[in-house]
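Throughout, read-outs are computed from the coordinates displayed, never taken from laboratory work. Source: prediction; values computed, not measured. Quick reminder, even Gly has a Cβ in these numbers, built from the backbone with ideal geometry, and neighbours come from all protein chains shown.
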Amino acid sequence: MSTELYPHKTSEATKRNLSSLVEFPERRATFGRPLSSQNSPENTSSTKLMQRRDLSPWSRSRAKRVFDCACVLLMMPLIFPVLLAIALAVRLTSPGPVLFLQRRMGRNGRNFTIMKFRTMIHRSNGKHHPVTTSENQRFTLVGPFLRRWKLDELPQLFNVLIGNMSLVGPRPKLPEHAISDLACRAGITGAATIAFAREEAILARVPEHHLKSFYHSVVLPAKLQLDADYMAHATILSDLKLIVDSVLRRWDESIMESLLEDWKFEQRNRIPLHSMTVSEHPYIRASKISEIDRPASTGEVRAY
């Protein structure tokens, strides 16, 4: 895991927690349990209080809010023409609204409407696949380009001015994807955003029948852990670095690649012996020893 994402050296506890999501499925199920079953009414308030207490002084300060608004207002003269150009491109290349509006969970579990440029073919019922990959959605002509460069997120600058979001923080989740309440404002970018920037392309490599399980039991808890670790130590300088890294597309794909490879290894180990191919069977090498027309070596005998 790259330590450049954080204002401090990544803790060993964070590394162990991320690796254990795949290594110990029983812990993964507990860590990723939905709010409705994870927090009972009597302990929900204490959980929120503990999360609030674990935020760094900068993460819970009013200065961070002033910083967000000042940055957005200073950037607006440069960004506004880009917003108009993108809006025009979306409007001319596909029928439907320019903006995609969706309910997300924000600070303390409050819902708000997030704004994005529409990148998918408009559907009258508004339904799309709950876990987006680069293969399971119908994108508009300019959609893939906007998503690749994260330009579809630019309207969220208005969410920042309204007060729903911050420039840096955990990404706001769909209600069905939320596994923990946020003790701070959701962010346009954050530690998990950098680590999972190419999430859609990597998720496309997960078999369709495993996609929902992998996303809920591995990806969401890993994002939560990364964001919690960052927000506990965040400073104004670390926020500035994340913003610059996001603008320059300095992604770190190693974390998600590692999670995917560990998950694949776990899935292979779960294959029943009777369903294995000849090359996968653990006894295949032993069966070959009897076919050798010479004395077996010490290594071959030990392998047998």
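Structure note, pairs LYS116/LYS212; LYS212/LYS241; LYS173/LYS264; LYS64/LYS212: Cα-Cα distances above 28 angstrom occur for LYS212/LYS241; LYS64/LYS212. Computed from the Cβ-Cβ distance with R0 of 22 Å, the FRET efficiency linking GLU208 to LEU174 stands at 0.70. As a calculated quantity, the FRET efficiency between LEU240 and ARG123 at R0 = 35 Å, using C-beta atoms, amounts to about 0.35.
The order of the peptides 240-249, 183-192, 73-82 by mean Cβ neighbours within 10 Å, most packed first, is 183-192, 240-249, 73-82. Site pair LEU88 and ASN108 shows an inter-label distance of 4.3 nm when each label is modelled 7 Å from Cα along Cα→Cβ.
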